Structures are given as structure tokens and as C-alpha cells.
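A quick write-up on the structure given underneath.
Every read-out reported here was derived from the displayed coordinates using simple, explicitly stated rules and does not represent laboratory data. All of these numbers come straight from a predicted model, not from anything done at the bench. Cβ coordinates were reconstructed from backbone atoms using ideal geometry, including for glycine residues, and neighbour counts include every protein chain displayed.
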Amino acid sequence: MPSGKFKTKTNIVLLVSLMVMLSNAPLLLSASSSPQSYRESWWVSDGFLNKFNPKQMVQVRNNVGPGEKITLHCMSKDNELGTHVLEFGQSFMWKFRSSYGGTQFFCYLSWRQHYLDFIAYASNGLFQKDDKDKTMACEVTCVWSVKSEFIRSPKGDRLNWK
């Protein structure tokens, strides 16, 4: 009879295998004769897989000072979020689900003669949420605070204007 440790490892391997199979299922379903897109499948749209991949939120907040405007432009490989001019106290926010293969959002920020380009959000995929360098993955919410002296990252790091 197998030991308790063996059973636990076997259960983990089976669970991971099931998750991998489910994550690849859309590819199989998309080849079926049904006109329904795999993104509209019940197990994606109704949240079965989304329980493992909650929506992320990134917010960039203008805390430079009264009367000061900042210009923000953000994008990912698949999403162009446009250019936004934020008055003091205003924020720009977007929500998304991180791709199982990884997701990155890049932003360019300018204020007066200063500018900064940075990675507002980065994830290497479903199981690895955070790099050890300056890239950013948050549990659910990432709030960037733009100040006149620096930009504060969600982790509390100070990014200096250029």
C-alpha cells in the first residue's frame, strides 16, 4: 500500500495534469464544428477557469500636485489603451485577466520636461506571478502613484523621473 507522502505527490501530479488538460481544451474545442468561439465556452465565460485566474486591476494616479497634469500612454502586446491626460487627483484604471502564457503592460508617462517608461504589470503566466527584478505583478490590484519627485510602484519602490 502506498505511503501518505506518495499519495499526496500523486494527487498533486494528477491535479496539475488536469489543469494543463483544461487549459489546452480550448484548442481542441476550437477545431469542432460548432461556430461558438472557445472564449465563449461555458467553462471560460462562466468562470470555471477564471477561479484560477482572477481579474487584475492596474491604476495610475496623478498625485503630482494641484493644477498639474500628467500624460499617460499604456499598452500590451494585444491591447492599446490610448493616451490619457490626467488632472491632479485623477486616475486611469484598467482590468484584465492575465494570459496563461504571460502578460505585460508597458506605460510611458510624461510631466512637464520629465518622462518615464516602465512596466506597469508583468506576469510570466498562471503559476509564476512575480519576477525578482523591477517588473511588477500584483495579487489583484496594482496602484502606481505619480508624484513630483518620483513614481511610487505598488511594491513601494521609487522610480525616478528622467
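A simple spin-label model places the labels of T83 and K162 1.7 nm from each other, with each point 7 Å out along Cα-to-Cβ.
Of the chymotrypsin sites (Phe, Trp or Tyr not before Pro) found in the range 50-121, the ones in coil according to DSSP and having at most 15 other Cβ atoms within 10 Å of their Cβ are F88.
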